[in-house]
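These notes concern the structure reproduced below.
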Amino acid sequence: MVVSVTLSLYIARQFVFSVLAMIASLTGIVCLFDFIDLLRRVATKPDVSTNVVTEIAALHVPYFGIEILPFGILLGGIVCFWRLTRSSELIVARAAGISAWQFLAGPLACAMLIGAVATGIISPVSSSMYRRAEELDQQYLRTGGGPLSLSSGSLWLRQSDTQYDPHGVAILHARGVQLGKDNVIRIKEISVFRLDHNDKLMLRIESPEGYLGNQNWVLEHAQTVRPYDVLRSVGQFNLPTDLTVGRVQESFSSPETLSIWALPSFIKLLDRSGFSSIRHRIHFQSLLALPMLAGTMALVAAGFSMRPTRRGGVAQMIGSGVAAGFLLFTISKVAEQFGNSGALPPVLAAWAPTVAGLCLAISLLLHLEDG
């Protein structure tokens, strides 16, 4: 057992160096193409400095690093195990009676640790930097003003309303919504339906205009009516809400701009407010699955690259490993699209490709180890 532990640590060290080098190389290539694309976009904007483009590209680096991490582990693992097999180190170890499951324990643990660090530590940093990059992109490179600046946009909102019922809800519909230059959300032609827990109408509010204030919707020149009653003018009406301008903007922005630690509470807020939280749920589950996906890629790399060179077909096996990785990526993206459309639950859309890859890796290693 002492030999297997020592060997596992040695292989784990070789694995980590190879994986980190591969992740850095692939991230650098992707960031180079991203920088070139940003230069193409800024070519039509002579008033924008190249420093802005450089800053945006630099802010994208952690995001691309997390995105490329599974492929970095797969390709880095293939290079590492192929090199150890070619030098006969793994062949001698297996001939000495050490099971592949024993010396793969170290690389597997390292891969899952890399995934956990990426999820818990790098991901919050990435989300903050990506949010800043989106702000710079919106300010300097895009001609539009964002989702809330679209004129004649319509807003449907469902939120909790405890004034008449502890479990009541309020449904707000605005036929026009716009984010003003003073960073205030203004809405027009507003209808609010305040319901109890049985969806029975308690109060209806009509207002020609309003805005999102401090923890409330401020409705100007409002009129209220109860069932079987007449309209009554109440002037300004304040409807309590948990939303802020920042949270509304975040609900329209990419889930990648939110930290994994902030996602659970924000998903609950979206559900209470009536916004769709499917994209945020899928992104959250994908981050949770990242350590397991990293471990799966390490096992896939081992299964496709530990074939003895004297048996031939090594290039074909390594090519098959790379193809399997890209196939797994394609499946994950297809599952994500099904999840975004509501055809699959977010948990299944995020975890199914990882579980499928894990089954493939275990099958390959069982065949390799036990024939």
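Quick one: compute the contact order of the range 14-80, relative version, from alpha carbon pairs under 8 angstrom and 6+ residues apart, as a percent.
The normalised contact order for the range 14-80 reaches 64 percent.
Between L20 and Q337, with labels modelled 7 Å along Cα→Cβ, what's the label distance in nm to one decimal, could you check?
So the label points at L20 and Q337 sit 3.7 nm apart.
Lysine pairs in the chain with Cα distance under 26 Å, only those 8 or more apart or on different chains: how many are there?
4
Mind checking Rg over Rh on the range 177-245, alpha carbons, Kirkwood formula for Rh?
Reported Rg/Rh, Kirkwood definition of Rh: 1.01.
At a probe radius of 1.4 Å, what is the per-residue accessible area of W217, in Å² to the nearest 10?
Solvent-accessible area, nearest 10 Å²: 0 Å².
Can you tell me, using C-alpha contacts under 8 Å and at least 6 residues apart, the relative contact order of the chain as a whole percent?
RCO, the chain: 17 percent.
Quantify, in whole percent, the carbon and sulfur part of the accessible surface of the range 154-243 (1.4 Å probe; protein heavy atoms only).
Taking all protein chains in place, the range 154-243 shows 48 percent carbon and sulfur surface.
If I fit a long axis through the Cα atoms of helix 263-273 and take the longest principal axis of the Cα atoms of the chain, what angle between them do I get, 0 to 90°, rounded to 10?
Once rounded, one gets 30 degrees.
Return one whole number: the accessible area per residue of the range 44-195 in Å², for a 1.4 Å probe.
Per-residue value: 49 Å².
From the square roots a ≥ b ≥ c of the eigenvalues of the alpha-carbon gyration tensor of the chain, which class results: rounded (a/c under 1.5), prolate (a/b over b/c), or oblate?
Prolate shape, in that a/c is at least 1.5 and a/b is the bigger ratio.
The values are calculated or read from the model by the stated rules, or taken from the named source; none is laboratory data. Nothing here was measured: the structure is a model prediction, and the numbers come from that model. Counting neighbours? That spans all protein chains shown, and the Cβs are built from the backbone with ideal geometry, glycine included. Heavy atoms of the whole protein, side chains included, go into the accessibility calculation; ligands, DNA and RNA do not. Shrake-Rupley method; radii C 1.70, N 1.55, O 1.52, S 1.80 Å.
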